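The values are calculated or read from the model by the stated rules, or taken from the named source; none is laboratory data. Bear in mind that the values here come from a model prediction, so they are computed numbers and not experimental data. Cβ placement follows ideal geometry from the backbone for every residue including glycine, while neighbour counts extend to all protein chains displayed.
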Amino acid sequence: MTDKELKEIEKLFAKFNTFDEFINKVYHGESSQNSGAIKEMYDAYKLGLDAWEMMKYFRSSETLRIDREQRKNDAYKIEDILNFIKKHDLSKYKRVIITLDNIDYDNIDELLKLNIEVFIDLKGDTGLCTIEEFKNVREFFTYFRNTYSKYDLSPLEKITLAYDYCKFYLYMDEENGRKTESHAIAKILETGNIVCAGYSVIFCQLLKELGIDNTYLFAIHDDLPGDDHMRVIVDVKDPKYHVSNLFIFDPTWDSEHEMMLVSNNSQTSYKMKEELKKDDIVIKKLPSWIMYLFYMINLYEFRKYFPEEEIMIIKKYGSEEPIKIEGLVKEAFEFNDKKPRDDWTVNLIKEILPKIKKIEGYNDDEIKEYVNDAVNIMYQYRFGLLDKYRGETPGRN
């Protein structure tokens, strides 16, 4: 298959929202002889992977596909993998693909003794990684867990800390068209490229490291080509802050921006660098991770902030199976109340951020200034410019 042929296939895939829809309309509901391989390509395309690279490994007769057998038996221990491999004649294979959970394995180096290339299909991530890349991934997350799990944090405080941690990344797409370089955790840590899928999986994994596992990857699109986007839904249950509900988090859109406080005709306001006008006078530059505009958005406010978007897929982090949304959750997404919401999220930010910033190493004066700017930015943008139904801005308490 040539790159040109692959592009044609991707154009065909782009017309359909699900694999079942693709089969029904292209194959009229009948299974193709190559339906398994076609589904792998379709899933790779939908996840933003480099489909060509994936298929090169997945379909090669020189690849021992142990990962398929692992999914059937749910065996993820290194010793199980080693025992399984020993049953095969490795002389006819150049590589082996296995599946691993994104956890620490004390005996991971045993795989290096096989004298064969081992590629890891990391659960919850996209693309394939090598053993060394996997070890780098685990070093990154283990450092985070060891550094912050010692603090006595409530679930929502853990979520805020993880949200801050992954917002430090500067959004940067790949230049060579290899999508795995900005989607897969291993490649992000190596290249520094990251897009929405990368922010989302890193955020989910950071939460998992702190013991929060009820997270969902939430892919959406509008009618414009190339405008697919991924966010995270977290089932937040925190008695300390009296919160128990599903909320949308978008670390991508809150990630590094050049934000500053400016003055124009004696009026002060917050602006991103691209919004600056000729007569604006910059009073001060702000930390580039100071935005919380898409932090903890209630499902009932989905249409309020994202009126043109359509839900493409929701799946639990670490699972390949999409979740069918129905009942109250579906109603929540379609809710279309034009009244401004109250600013209870701001009050949460005022209470939570000082504790998180203290942990992150800010002094008291820096924390006070940071929280004040973060809250004012929320009022200006989230409860003003970004609110489709903005009317009277909620009062500041």
Quiz item: When both residues are 6+ apart or on different chains and their Cβ atoms are under 8 Å apart, which pairs have a first residue that lies in region 282-305 and is within 17 Å of GLN380 (Cα to Cα) and at pLDDT below 90, and a second that is among the β-branched types (Val, Ile, Thr) and in a strand (DSSP E or B)?
Solution: TYR305/ILE297
Exercise. Determine, yes or no, whether TYR148 is closer than 25 Å to TYR305 by Cβ, modelled with pLDDT of 90 or more and among the aromatic types (Phe, Trp, Tyr).
Key: no
Self-check item: Selected residue [of a type in the set (Ser, Thr, Tyr) and in contact with a Lys or Arg (Cβ under 6 Å, 6 or more places away or on another chain)] from SER244, SER200, SER269
Solution: SER244
Quiz item: Of all residues in region 63-117 being at pLDDT 90 or above, part of a loop (DSSP other than H, G, I, E, B) and not polar (S, T, N, Q), which is nearest to TYR317 (Cα to Cα)?
Solution: ASP101
Quiz item: With (1) at pLDDT below 95; (2) on the phi < 0 side of the Ramachandran plot as the list, and GLU157 as the residue in question, which single condition is left unmet?
Solution: (1)
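Looking only at region 321-337, filter to residues that are in a loop (DSSP other than H, G, I, E, B) and within 17 Å of LYS304 (Cβ to Cβ); which one of those is modelled with the lowest pLDDT?
It comes out as ASP337.
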Self-check item: Subset tally (residues that are surrounded by 18 or more Cβ atoms within 10 Å (Cβ to Cβ), of a type in the set (D, E, K, R) and part of a helix (DSSP H, G or I)) for region 118-134
Solution: 1
Quiz item: Is at least one residue of region 296-319 closer than 26 Å to GLU369 by Cβ and out of contact with any Ser or Thr (no Cβ under 6 Å at 6 or more places or on another chain)?
Solution: yes
Exercise. State which residue is modelled with the highest pLDDT when the search covers only region 359-397 and only residues that are of a type in the set (Gly, Ala, Ser) and under 17 Å from ASN347 (Cβ atoms).
Key: ALA374
Quiz item: Considering region 63-79 alone, what residues qualify as being surrounded by fewer than 14 Cβ atoms within 10 Å (Cβ to Cβ) and acidic (Asp, Glu)?
Solution: ASP74, GLU79
Quiz item: If we scan region 188-197, do we find a residue that is touching a Gly at 6+ places or on another chain (Cβ under 6 Å) and modelled with pLDDT under 95?
Solution: yes
Exercise. Please find, within region 349-388, the residue that is surrounded by the most Cβ atoms within 10 Å (Cβ to Cβ) out of those that are of a type in the set (Gly, Ala, Ser) and closer than 15 Å to MET291 by Cβ.
Key: ALA374
